[in-house]
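The values are calculated or read from the model by the stated rules, or taken from the named source; none is laboratory data. Being a predicted model, the structure only gives us computed values, none of them experimental. Here the Cβ is made from the backbone with ideal geometry for all residues, glycine too, and neighbour counts use every protein chain on show. Note: accessible area is taken over every heavy atom of the protein model, side chains too, but ligands, DNA and RNA are not part of it. Shrake-Rupley method; radii C 1.70, N 1.55, O 1.52, S 1.80 Å.
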Amino acid sequence: MRASLSINTQTNSGYINLFTLLEEHLPTYERATALAEAYLENVSWLPRPLQREQIFEELIPNVYKHRGCHDKLAAEGEKEGCENVKAKALQKMHTLALIFALFACGAAADLTLEPLNAEGGLYSYVARAALNAHSVFDYGASLETVQALQLVSTYDFFSSSSPSLESSWKVMSFGMILGISVSIILSSLHLFCA
């Protein structure tokens, strides 16, 4: 899978190919809800960047409803130009990163699976690939970006996938810094729009 993720995202077809590749790793809807429940039941003693309502009423239904609908994004790219597609793709990529990070945490928290299982590792890898598809330094961050980074570091803590937690703390810290910047931007938008 690592080699197959080297896709040129400078073109509209590159975005479509990357979305398609990442979405191929989504579990069934039933497994998705089971992983989300495992996350909520067994990770609840940590601060949660995602609440039950957001997971079951927004995130999972929206991702699964729009699964495979990339022809519309490609058509919009032809009309609006590549830059608008990049902005929309960033939001969608980081939403995919968020749901895969949620699934990774759910797999790490699923007590019916062995610790450090392959399912959680795959979802963590795909979440990181979706986060890396667009640089937050070039395109900025969203709430989904911050939530995904927090869950990626949570997965690293729970799965004990690395011998040191230093990288997990770095990802957590970076997510917190981005969270502050997103909060400031949202607060200033609220002041100007009120």
Give the residues of the range 27-49 that are of a type in the set (Ser, Thr, Tyr), farther than 13 Å from Thr154 by Cβ and open to solvent by 40 Å² or more (accessible area, probe 1.4 Å), sorted by residue number. Thr28, Tyr29
Elements of type helices (runs of 4 or more DSSP H) contained in the range 1-97, each with 2 or more residues being touching a helix residue (DSSP H, G or I) at 6+ places or on another chain (Cβ under 9 Å) and at pLDDT below 60: 12-23, 70-80
How many residues, within the range 98-123, are part of a helix (DSSP H, G or I) and open to solvent by 10 Å² or more (accessible area, probe 1.4 Å)? 6
Looking at the structure I just gave you, is Thr145 in a helix (DSSP H, G or I), under 22 Å from Gln54 (Cβ atoms), of a type in the set (Ser, Thr, Tyr) and within 10 Å of the chain's Cα centre (by Cα)? yes
With the condition kept exactly as written, say whether any residue in the range 155-172 is at pLDDT below 85, open to solvent by 80 Å² or more (accessible area, probe 1.4 Å) and part of a helix (DSSP H, G or I). yes
